[in-house]
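The values are calculated or read from the model by the stated rules, or taken from the named source; none is laboratory data. All of these numbers come straight from a predicted model, not from anything done at the bench. All Cβ positions, glycine included, derive from the backbone under ideal geometry; neighbour counts span all protein chains shown.
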Amino acid sequence: MKSNQYIYNVNYNVQDYNLCAFEARALFDDELEDKVLFTDKEVEPSVSPFLKNRIKIIYKEKTFNGILELIIEDGFKANDFMVKYVPMYNRDPNIGQGKKLSKEVGLRIYGYPSFKSPKIMLGITYYQGYWYFGYLKQNNYEWRSHKQKPYSFSSALGVNIAKVLINVASGGDTSKRLVDACCGVGTVILEGVFAGYVWLGD
């Protein structure tokens, strides 16, 4: 069957659960009950310290072969594409077959793949009895380099907390203008600008 939903998976340490759940409520207006979220809301994973992957679901089927059949039936086309298996949780029984499954999907797509610099990323995954296939967007984690600061201040917020505060204030809508009236050393503002927001600070 076809779908217009998104599937996200999150990653957090036990001590960060409450922070992650706080962000999830702001971004998706939903409670975090597992490390996987289904929603119709599109959020860029890289704005969050916890979102790992987002798949815009095209097909949802009970079997892997069912996904392959839909790709063939629809004559799914893509150029400069790459297919990647995305494990939704650590004990995913298909992790060891990820490359094989990705290859099987790729062979059914009309077009030319690109393994070095793909323009289109496609994801295949399995979760709770269903297979999902769609457009994949991953957290680029470029923001992690911001943790290496030239100077350290004991009162400065950490990068993870700064990113969560931005998402709580904006709901993930990068078109919003945000204000930080007491911006301190500017951690929140810098993360906001990096994520694409327009900021005012003093």
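Can you name every residue in segment 10-39 that is farther than 20 Å from Tyr141 by Cβ, in contact with a strand residue (DSSP E or B) (Cβ under 7 Å, 6 or more places away or on another chain) and charged (D, E, K, R)?
Result: Asp30, single match.
If you go through segment 11-18 one residue at a time, do you hit one that is among the aromatic types (Phe, Trp, Tyr) and under 16 Å from the mean Cα position of the chain (by Cα)?
yes
Output the residue which, of all residues in segment 1-28 that are hydroxyl-bearing (Ser, Thr, Tyr) and in a loop (DSSP other than H, G, I, E, B), is nearest to Gly196 (Cα to Cα).
The extreme case among them is Tyr12.
How many residues are more than 20 Å from Pro87 (Cβ to Cβ) and either surrounded by 10 or more Cβ atoms within 10 Å (Cβ to Cβ) or modelled with pLDDT of 90 or more (or both) when one looks only at segment 3-15?
1
Any residue at all in segment 108-118 that is under 23 Å from Lys62 (Cβ atoms) and without any contact (Cβ under 8 Å) to a residue 40 or more places away in the chain?
Taking every residue of segment 108-118 in turn, at least one turns out to be under 23 Å from Lys62 (Cβ atoms) and without any contact (Cβ under 8 Å) to a residue 40 or more places away in the chain.
Determine, yes or no, whether Phe133 is within 21 Å of the chain's Cα centre (by Cα), over 20 Å from Leu37 (Cα atoms) and in the same structural domain as Glu61 (by TED's automatic domain parsing).
Taking the combined requirement at face value, the residue does not satisfy it.
Given segment 29-111, what strands (runs of 3 or more DSSP E) lie entirely inside it while holding 1 or more residues that are polar (S, T, N, Q) and under 17 Å from the mean Cα position of the chain (by Cα)? Steps first, answer last, please.
On the way: elements: 36-39, 51-61, 81-85.
Qualifying strands (runs of 3 or more DSSP E): 36-39, 51-61.
Are any of the residues in segment 186-202 in contact with a Leu (Cβ under 7 Å, 6 or more places away or on another chain), modelled with pLDDT under 80, of a type outside the set (Ser, Thr, Tyr) and more than 30 Å from Val36 (Cβ to Cβ)?
Checking segment 186-202: at least one residue is in contact with a Leu (Cβ under 7 Å, 6 or more places away or on another chain), modelled with pLDDT under 80, of a type outside the set (Ser, Thr, Tyr) and more than 30 Å from Val36 (Cβ to Cβ).
Output the number of residues of segment 164-185 satisfying the condition of being not acidic (Asp, Glu) and not in a helix (DSSP H, G or I).
So in segment 164-185, the residues not acidic (Asp, Glu) come out as 164-172, 174-179, 181-185.
So of that shortlist, the ones also not in a helix (DSSP H, G or I) come out as 171-172, 174-179, 181-185.
Counting residues in segment 164-185 that are not acidic (Asp, Glu) and not in a helix (DSSP H, G or I) gives 13.
For Gly75, all conditions in the list (1) more than 14 Å from Tyr6 (Cβ to Cβ); (2) modelled with pLDDT under 95 hold save one; what is the number of the exception?
Only one criterion is unmet by Gly75, namely (2).
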